[in-house]
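What follows is a set of notes on a single structure, which appears directly below.
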Amino acid sequence: MSTLDNSYVRFQNVRKTYDGEILVVKDFNLDIAQGEFVTMLGPSGSGKTTCLMMLAGFESATQGEIYIDGTPVNNLAPHKRDIGMVFQNYALFPHLTIAENLSFPLKVRKLSKSDIEQKVKRALDMIELPQVAGRRPGQLSGGQQQRVALARALVFEPKLVLMDEPLGALDKQLREQMQYEIKHLHERLGITVLYVTHDQTEALTMSDRIAVFNQGVVQQLASPTELYEQPANSFVAQFIGENNKLSGKVEKIGNDRCVVSVEGCNVQALPVNVYQSGEATTLSIRPERIQINPENDFDNRFDARVLELIYHGDHMRTRVELMNHDQFIVKVPNGSRPLEIRKGDLVQVGWLSRDCRALDASSGQA
Amino acid sequence: MKYEAITTSTLVEPPLDIDARKRLKQQLRQAERWNRSKAFLLVVPLLLFVGITFVMPIIEMLHRSVYDPLVADSLPRTVAALKQWDRQQLPEEAIYAVLAEELVSLQEQHELSKVAGRLNSEYSGMRSLLSKSARRLSRKDTITRLIDTGSVRTAMIDIDQRWSDIAPWAAIKNLSSRYTLSYYLAALDMRYDENGEISAQPEQRQIYKTLLLKTFAISALITALCLILGYPLAHLLATLPESRSNLLMIMVLLPFWTSLLVRTTSWIVLLQTEGVINDVLIHLGLISERLRMIHNMFGTVIAMTHILLPFMVLPLYSVMKNISPSYMRAARSLGAKPGYAFIHIYLPQTLPGIGAGAILTFILSIGFYITPALVGGRSGQMISNFIAYHMQTSLNWGLAAALGGILLAMVLLLYSVYNRLVGINNLKVG
């Protein structure tokens, strides 16, 4: 983790409570380097938006310090923080035209008229909507409003931009496109971005690092790859991507290998946060790491019955019954040699022990 | 273009030709006819009710404000005879004779006082002049003798010197047509003068113009006070969590559940010279002499502001409720100070509410009657109190109707100005 010297935004032991009884944010620590894209990901009510609002200055931290560029900002009014912000429903001022919306932060900063005109024009060119300058927000489509909101947060060249579920109101296709666009803007402008979302795909595509929130606590702060490949606990494994979980008990434990008994079957697994035999554990296996009729070097192979086949185009979602567990999902890629299986078939499924992570038992929260 | 995939993904159908569109519209009309007539039938009772109890009285009132048949009906021959009169010199002997005869017959039928009263409002002194003359002329045989000798004019001038003036005759002639603007002129401190021209009332008889202006000024003041008091309250209501705003809302609405009369009377209790507020102020030593806070304009303004406040708060609240707090946050995050953000972002978005609340409060207050009547004293009277006075005391219904007509015209004018400026569709009342 970075030190104060090279961190641009720093949350230090921040706690927040609204009613003096329940902590919505518990002991939150986060360092964001300049130019980094960090996402706070979590289910609704997990405290991620509260953290964003504390950084923007709309909520005060009950305890702890927040620094921007080395300066504590706890007592700094929101308008003095120089943070660009994109809101969930864009918050474009409905009574002003697009050009007036974009020039608002510049007028507040008392820029000259010609400067304002030039910057507004450049911002509209950046989002490729030069023709909407004279229109009102209500006359634009959702995607266009989204882009204008983005431009408004960037037009006064802030070093830090906060985004609060900015793509939540868009349809799927547009959302994916905007994800790439925001990512490219971030790379081109070199700004620091703190992004809040509950959509894991969004978080995985865009971020340098992701902080996974649950119940006011950061469960894991890591790069997308690490988060997906090496979830630190069962909540993260369950929340990020699709996941098969099997509850069992540790029988034997070694350094990089343990044996877990699930419904009488012994499963070879990678110990992550189990420490002694006899401990209860949850095994986590990604559906795409499981093969039907597995190759020879797979050290886990079990009999299963095919319960359901769902065609997804690029893959076949196959639900099988395994170890008395009927929600076990296998993703069978729709490759050049498709698999011939039908509902009711008895098959063998298998996976590598390093793809099967033995995590903490408390998987109930997800 | 990067976005082409999204923007051109919808297929564009060729537009329909004119015939097809006409047919389509006709089909739509037929399909909707039944629904529309059903909806209409449902509102028929209300329509009848409103028509009978609201629209017809207004039409009747407006009719009454211009219809004045009394003089023409009571003195038909005099009126006919005066048609040729040029207002330059005294009428001929024959006209005096006709009037004398009609006066006598009115006196005998006990119908004189009504017409004398009406003429008196046109030319003061007419009442006494007419009754005096009629009394003298109806003495036994007087009238026949005078007509026979052709000396009615001399006799009447003998009875009263004023008959040698053209003013009484001008008054009769001015009121001789059944449809007249004289009520409206009176309501605007004007009259027909002796030459039948429109001219201003003498200074000491002018009251309505100042009264109208005063009514407008008081209403504007009350509207402004309601806005100043109601705006922060509505904002508080709109931003508080539901559980607490509900309680506050009940307190705002509470006055609606109390009789207007009770509320006004309680203001008398509070504000009177021996009242609670004066007692407290004297007790605290803030004043040495008791303040006069009621039965004057101050009392009217205070009590009416209190009564009309909810009419300002409710439209403001309904507009503010729909303004997302993220607008202010966005403005702040973009660098605006709280005051700047309020004036440039919040205030403009509440304009429909301000407009609705202001127009509602203003219209209600220019027609307000009970409160000024009870707490207004002399100086706190408004136009509606004079309308009531002419309805109930002076029985000059025509003038009351004309004042009402002017009030109605003012409200409609205000409404159309508002419509032109803001658009009536932007009006949000709850």
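The values are calculated or read from the model by the stated rules, or taken from the named source; none is laboratory data. Keep in mind the model is a prediction, meaning the values are calculated, not measured. Please note: Cβ atoms are built from the backbone with ideal geometry, for glycine as well, and neighbour counts cover all protein chains shown.
Descriptive notes on the structure:
- Residue match in the range A:71-84 (condition: more than 23 Å from B:Gly339 (Cα to Cα), more than 10 Å from chain B (Cβ to nearest Cβ), touching a residue at least 60 places away in the same chain (Cβ under 8 Å) and within 31 Å of the chain's Cα centre (by Cα)): no
- Selection from the range A:85-97 of residues that are more than 7 Å from chain B (Cβ to nearest Cβ) and among the hydrophobic types (A, V, I, L, M, F, W, C): A:Val86, A:Leu92, A:Leu96
- So B:Tyr346, is it touching a His at 6+ places or on another chain (Cβ under 9 Å) and without any contact (Cβ under 8 Å) to a residue 24 or more places away in the chain: yes
- Within the range A:98-117, the set of residues being more than 8 Å from every other protein chain (Cβ to nearest Cβ) and within 36 Å of the chain's Cα centre (by Cα) comprises A:Ile98, A:Ala99, A:Glu100, A:Asn101, A:Leu102, A:Ser103, A:Leu106, A:Lys107, A:Ile116.
- In the range B:318-348, the qualifying residues are those that are in contact with a Pro (Cβ under 7 Å, 6 or more places away or on another chain), at the interface with chain A (Cβ under 8 Å from one of its Cβ atoms) and not charged (D, E, K, R), and the one that is surrounded by the fewest Cβ atoms within 10 Å (Cβ to Cβ) is B:Gly335.
- Looking at A:Arg337, A:Arg305, just one residue is at pLDDT 85 or above, surrounded by fewer than 15 Cβ atoms within 10 Å (Cβ to Cβ) and at negative phi, and that residue is A:Arg305.
- Listing of strands (runs of 3 or more DSSP E) fully contained in the range A:223-314 that carry 2 or more residues being more than 19 Å from A:Phe328 (Cβ to Cβ) and outside the structural domain of A:Ala211 (by TED's automatic domain parsing): A:244-253, A:258-262
- Restricting the range A:315-334 to residues that are surrounded by fewer than 15 Cβ atoms within 10 Å (Cβ to Cβ) and in a loop (DSSP other than H, G, I, E, B), the residue that is farthest from the chain's Cα centre (by Cα): A:Asn324
- Within the range B:68-86, tally of residues that are in contact (Cβ under 8 Å) with a residue 40 or more places away in the chain and either more than 37 Å from the chain's Cα centre (by Cα) or surrounded by 15 or more Cβ atoms within 10 Å (Cβ to Cβ) (or both): 10
- Lone qualifier among B:Leu316, B:Leu281, B:Leu271, B:Leu309 - being over 29 Å from the mean Cα position of the chain (by Cα) and aliphatic (A, V, I, L, M): B:Leu281
- Some residue of the range B:243-255 being among the aliphatic types (A, V, I, L, M) and in contact with a Lys or Arg (Cβ under 9 Å, 6 or more places away or on another chain): no
- Residues located in the range A:310-321, provided they are hydrophobic (A, V, I, L, M, F, W, C) and modelled with pLDDT of 85 or more: A:Ile310, A:Val320
- Scanning the range B:352-408 for residues that are without any contact (Cβ under 8 Å) to a residue 12 or more places away in the chain and either in contact with an Asp or Glu (Cβ under 7 Å, 6 or more places away or on another chain) or among the β-branched types (Val, Ile, Thr) (or both) turns up just one, B:Thr393.
- Candidates A:Glu308, A:Glu321, A:Glu340, A:Glu263 - the one that is farther than 20 Å from A:Val236 by Cβ and without any contact (Cβ under 8 Å) to a residue 12 or more places away in the chain: A:Glu340
- Flag for A:Thr49 being within 12 Å of another protein chain (Cβ to nearest Cβ), under 27 Å from A:Ala169 (Cβ atoms), among the β-branched types (Val, Ile, Thr) and out of contact with any helix residue (DSSP H, G or I) (no Cβ under 8 Å at 6 or more places or on another chain): yes
- Annotation note: of B:Ala217, B:Ala303, B:Ala234, the sole residue that is under 30 Å from B:Ile323 (Cα atoms) and at pLDDT 90 or above is B:Ala234.
- Residue in the range A:150-174 that is modelled with the lowest pLDDT, counting only those that are within 14 Å of the chain's Cα centre (by Cα) and more than 11 Å from every other protein chain (Cβ to nearest Cβ): A:Gly168
- Looking across the range B:283-309, the residues that are crowded, with 19+ Cβ neighbours inside 10 Å and not aliphatic (A, V, I, L, M) come down to B:His295, B:Gly299, B:Thr300, B:Thr305, B:His306.
- The lone criterion from (1) touching an Asp or Glu at 6+ places or on another chain (Cβ under 6 Å); (2) surrounded by 20 or more Cβ atoms within 10 Å (Cβ to Cβ); (3) among the hydrophobic types (A, V, I, L, M, F, W, C) left unmet by B:Leu119 is number (1).
- Those residues of the range A:129-145 which are within 14 Å of another protein chain (Cβ to nearest Cβ) and touching a residue at least 12 places away in the same chain (Cβ under 8 Å), in sequence order: A:Leu129, A:Val132, A:Arg136, A:Pro137, A:Gly138, A:Leu140, A:Gly142, A:Gly143, A:Gln144, A:Gln145
- Matching option when the condition is of a type in the set (S, T, N, Q) and crowded, with 18+ Cβ neighbours inside 10 Å, among B:Asn419, B:Asn396: B:Asn396
Residue-by-condition table, conditions (1) touching a residue at least 24 places away in the same chain (Cβ under 8 Å); (2) among the charged types (D, E, K, R):
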| residue | (1), (2) |
| --- | --- |
| B:Ala97 | yes, no |
| B:Leu103 | yes, no |
| B:Ser113 | no, no |
| B:Arg127 | no, yes |
| B:Ser138 | yes, no |
| B:Asp141 | no, yes |
| B:Thr149 | no, no |
| B:Thr154 | no, no |
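- A:Leu204 meets the conditions (1) aliphatic (A, V, I, L, M); (2) more than 14 Å from every other protein chain (Cβ to nearest Cβ); (3) surrounded by 20 or more Cβ atoms within 10 Å (Cβ to Cβ) in every case but one. The failed one is (3).
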